[in-house]
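Worksheet for the structure shown next.
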Amino acid sequence: QVQLVESGGGLVQPGGSLRLSCAASGGIAAITAMGWFRQAPGKQREWVATATNSGSPNYVDSVKGRFTISRDNAKNTVSLQMNSLRPEDTAVYYCYANARLYSDNSYSPYWGQGTQVTVSS
């Protein structure tokens, strides 16, 4: 069974930094992309960043220059370094992976359970 386990959320003051990490495991044969979404209270889930197997990472405009996504393809992990955090970055952050299992012939998205990030003074 596929599991994506996130860590690194917490409370930070505006202007501070946090690093989120996510590890995928459980019968995974291949991953084409890993990334992050977030959901603030009362809002829809929003895409934040993606790191694919090839090409440059992509970011939503509101985090460009502040967030950096990185992947370790060999370990099936992805991290999100978040700097210059703002109150509007407060949300539950979800890791995802577009993965194919050994028991499957197609790729599907898999999600972590979410980790809370709160930016407040």
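So here's what we get for this one:
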item: Residue (of Leu101, Ser62, Asn76) at the positive-pole extreme of the chain, dipole from beta-carbon charges; result: Ser62
item: Computed label-point distance, nm, for sites Val2 and Ser84 using a 7 Å Cα→Cβ extension; result: 3.4 nm
item: Solvent-accessible area per residue for the chain (1.4 angstrom probe, square angstrom); result: 52 Å²
item: The stretch 46-113: relative contact order in percent, alpha carbon pairs under 8 Å with at least 6 residues between; result: 18 percent
item: Added length on full extension, which subtracts the Cα-Cα distance from 0.36 nm per residue, Asn73 to Gln113; result: 12.3 nm
item: Carbon and sulfur %, accessible surface of the chain computed with the full protein complex present, 1.4 Å; result: 46 percent
item: Proximal charge balance of Lys43 [Cβ under 13 Å; K/R count +1, D/E count -1]; result: -1
item: Calculated FRET efficiency for the pair Gln13/Tyr102, C-beta based, R₀ 41 Å, to 0.05; result: 0.40
item: Estimated dipole of the stretch 45-121 in Debye, rounded to 20 [Cβ of Lys and Arg +1, of Asp and Glu -1, Cα centre]; result: 120 debye
item: Dipole-positive endmost among Thr32, Gln1, Thr50 within the stretch 1-71 (Cβ charges, Cα centre); result: Thr50
item: Contact order normalised by residue count of the chain, Cα under 8 Å, 6+ apart, percent; result: 37 percent
item: Longest segment of the chain lacking trypsin sites (Lys or Arg not before Pro) that sit in a DSSP loop with at most 14 other Cβ atoms within 10 Å; result: 76-121
item: Largest-first principal axis extents of the Cα set of the chain (Å); result: 47, 27, 24
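The values are calculated or read from the model by the stated rules, or taken from the named source; none is laboratory data. Nothing here was measured: the structure is a model prediction, and the numbers come from that model. Using ideal geometry, Cβ is built from the backbone for each residue, glycine included, and neighbour counts are taken over all protein chains shown. Areas reflect the complete protein model, heavy atoms only, side chains present, ligands, DNA and RNA absent. Shrake-Rupley method; radii C 1.70, N 1.55, O 1.52, S 1.80 Å.
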